[in-house]
Amino acid sequence: MPGRNIVKEYVADSFYHIYSRGVNRAPIFHQKKDFEMFLHLLERYLSRKRSKDMSRHLYPNYSGRIQLLCYALMNNHIHMLVYQTDATVITDFMRSLLTSYSIYFNKVHKRVGPVFQSRYKASRITNDQYLDHITRYIHLNPLEWETYEYSSLPFYMGKQQASWISPQPILKLFPDKEQYLQFIRDYESHKEILDEISWELADQ
């Protein structure tokens, strides 16, 4: 299982569960536009096609260095499961993502100061058998998880497609999409694994 503390060293060719929440547990999404901006930033930094700012300068791009496998954007926190191919990309990617969102958030909501609480947490996943369970944990975060707009589940079910999200590494562990959906529904039989993941985040 991943360690409970914020990771001190990143390893290439590894999976990580990333978690971050609002400062003082305050909301980081107040309206639909906020969720949409965060998704837009994921697209900006992870799509194979690079984006430019208003001055036509290229934004940083991390496609090919990191894969986003799963996510859930909640009212006051975010979960992501990623796979990085080099040891520095998580740091670079998260700096770009959270800084850009914080600038947007403070401007739109007329506030100053940090948006996110301290540093994000990144737990390395060292057991491949853990991967499907952590995606289930992430997808079950919303109360109405089957119809929730701001998680990666619609991509898993084939309802949406995008180059910046990669559900295939998880879906290939199941015969088909419906079997994955049933796996999420059948969480009670593996509730102890979900509880352990929750414990991993308890100090956040």
Measuring from its Cα centre, region 144-190 shows a charge dipole (+1 at each Lys and Arg Cβ, -1 at each Asp and Glu Cβ) which, in debye to the nearest 20, is 240
Computed over the chain, the relative contact order (Cα-Cα under 8 Å, seq sep at least six) in percent reads 30
For region 114-124, Karplus-derived ³J(HN,Hα) couplings (6.51, -1.76, 1.60; θ = phi - 60°; whole Hz; x for glycine and proline) come out as x, 9, 9, 7, 6, 8, 4, 9, 10, 9, 6
From the cross-link list 32/52; 33/107; 32/172, the entries with a Cα-Cα span beyond 21 Å are 32/52; 32/172
The farthest towards the positive end of the charge dipole of the chain, of the residues 145, 134, 45, given +1 on Cβ of Lys and Arg and -1 on Cβ of Asp and Glu, is 45
Toy charge model, Lys and Arg Cβ at +1, Asp and Glu Cβ at -1: region 1-139 dipole around Cα centroid in debye, rounded to 20, equals 560
Sorted largest first, the Cα spans of the chain on the principal axes come out in Å as 50, 36, 36
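Quick note: the coordinates plus some simple rules give every number you see, no bench work behind them. Here the structure is a predicted model, which means the values were calculated and not measured. With ideal geometry, Cβ positions are generated from the backbone for all residues, glycine too; neighbour counts draw on all protein chains shown.
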